[in-house]
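Novice: So that we are looking at the same thing, I have put the structure below in structure tokens.
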Amino acid sequence: MKKKYLYMVTVLLTAVLVFSLGLSCSFCGSKLALTSDDSLNPADAGGSAASEDGQNYKNNGKEESQAASAETLSEKELLIAQEEKAKAAEAEKNANKDVQSQQPGNKPVMETAALKDNRFVIIIETMQKKNKEYSYAKGNDPNYYEITDYFLNLGIPQEQIHICWGQNQDGGTYDNFVKAIDDVKKLSNAGCSVLVALMSHGSEEADAGAPAMMEFANGIGSEHGGRYTSYYEVCSLLDQITCEKMAVIISSCALADSARPIAENTSVPRIAIAPITFQEILNYILTDKGAVDRDKDGKYSIKDIFEFIKDPAATPNPARYTGVEMIDPFDIAGKVYLN
């Protein structure tokens, strides 16, 4: 009985002990579990907050760095965009200039070399040869050589004097006339003065409406057989030359009909006088300078020449100049000089 009672007591104490230990472990575990909770552990909570702040700092720093980089990149892109825009605007401006220069009525602006003298001469002679014996010194009108010397003595450079004289390849052919115009327009500018003298065969304006024509030399020894060209076309060719003023002196079988198309159908200041040869005019200048200088200013203008030859008392054969006409729509006759 005692043994049985002792056994029961032992079992009971053991159960109590085990139960007590179980409670302690459960409590302890609960306590450990509770103390491991960050929200209940001040020290751990502070560490966690610091960790979060550090992480946030890192994140904020990264975002700020990215923002700064984005801002720097944006500035670069803006600068590049501005440069590209400026280049595009310049390209468009240049393209517009090119288009405008190619439009009808818009003459391209051409840079020219500085000129020693702003005068140019173009002379076409189809009826006379380069005969050295045919000279002013022998009582005749000045020939090719004397006319060339006259302009050279005025100080006009050789390359600005274009005299196509005679019937051969270097004479008064249509091709040489066109070449002379091309050579002049390469150098001339808006401040230049141009003298043109045309001496050839031709035809008057017909009643049927056919325009007055000019006959060029054929280039192989004959004053006939060359290209027949209307004076309207001659006017168009001369319009290619940039200048301040131009005088055209014409002697042709077209008579006064040749002057009107030359001067009345141009937008540039031009005067035309016909029919009279330049040789005749130069002969009067060299023979009696005082008589030709009508206004006594020491210069021989186209106006002086016209008034001189139209004065019945001035020339030995006034009937010769009865039909001479001067077309001067720009009123420049007194501003174009032959010396």
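The values are calculated or read from the model by the stated rules, or taken from the named source; none is laboratory data. It should be emphasised that the depicted structure is a prediction, and the values quoted were computed from it without experimental measurement. In this analysis, Cβ positions are derived from the backbone assuming ideal geometry, glycine residues included, and neighbour counts consider all displayed protein chains. Protein only, heavy atoms only, side chains kept; ligands, DNA and RNA dropped before computing areas. Shrake-Rupley method; radii C 1.70, N 1.55, O 1.52, S 1.80 Å.
Novice: Can you list residues whose amide H is under 5 Å from A197's amide H, if they're 5+ apart or on another chain and H is modeled 1.01 Å from N?
Specialist: Sorted by chain and number, the residues that satisfy this are I122, I123, I124, I249.
Novice: Too long at a 18 Å Cα-Cα cut-off: which of K186/K299; K129/K303; K185/K245; K138/K303; K289/K310; K185/K299? Walk me through the numbers before you get to the answer.
Specialist: On the way: K186/K299 28 Å; K129/K303 30 Å; K185/K245 13 Å; K138/K303 28 Å; K289/K310 16 Å; K185/K299 26 Å.
Over 18 Å Cα-Cα: K186/K299; K129/K303; K138/K303; K185/K299.
Novice: So, one more: Ordered by residue, what ³J(HN,Hα) values in Hz, to whole numbers, does segment 298-307 give under the Karplus form 6.51 cos²θ - 1.76 cosθ + 1.60, where θ = phi - 60° and Gly and Pro are x?
Specialist: Taking θ as phi minus 60°, the curve returns x, 10, 10, 8, 4, 5, 4, 4, 5, 5 Hz for segment 298-307.
Novice: What are the ³J(HN,Hα) values, in whole Hz, obtained from phi via the Karplus relation 6.51 cos²θ - 1.76 cosθ + 1.60 with θ = phi - 60°, for each residue of segment 278-288 in sequence order, with x given for Gly and Pro?
Specialist: 5, 4, 4, 4, 5, 4, 5, 5, 6, 7, 9
Novice: Can you pull the accessible area of R294 for me, 1.4 Å probe, Å² to the nearest 10?
Specialist: 90
Novice: Moving on. Quick check: residue separation of N153 and K132 times 0.36 nm, minus the Cα distance between them. What number comes out in nm?
Specialist: Working: separation 21, 0.36 × 21 = 7.56 nm, distance 1.86 nm.
So the extension gain works out to 5.7 nm.
Novice: For segment 134-224, report the convex hull volume of the alpha-carbon atoms normalised per residue, in Å³, without decimals.
Specialist: With only Cα atoms used, segment 134-224 gives 143 Å³ per residue.
Novice: Still on this structure: Modelled label-to-label distance, E83 and D117, 7 Å Cα→beta-carbon offset: nm?
Specialist: 5.4
Novice: Still on this structure, please answer the following. Considering the Cα positions of segment 214-339, please state its Rg to one decimal place and its Dmax as a whole number of Å.
Specialist: 15.2, 45
Novice: Could you tell me the largest-minus-smallest coordinate of the C-alpha atoms of segment 202-266 on each of the three principal axes, in descending order and whole angstroms?
Specialist: Its Cα atoms span 36, 31, 16 Å along the three principal axes.
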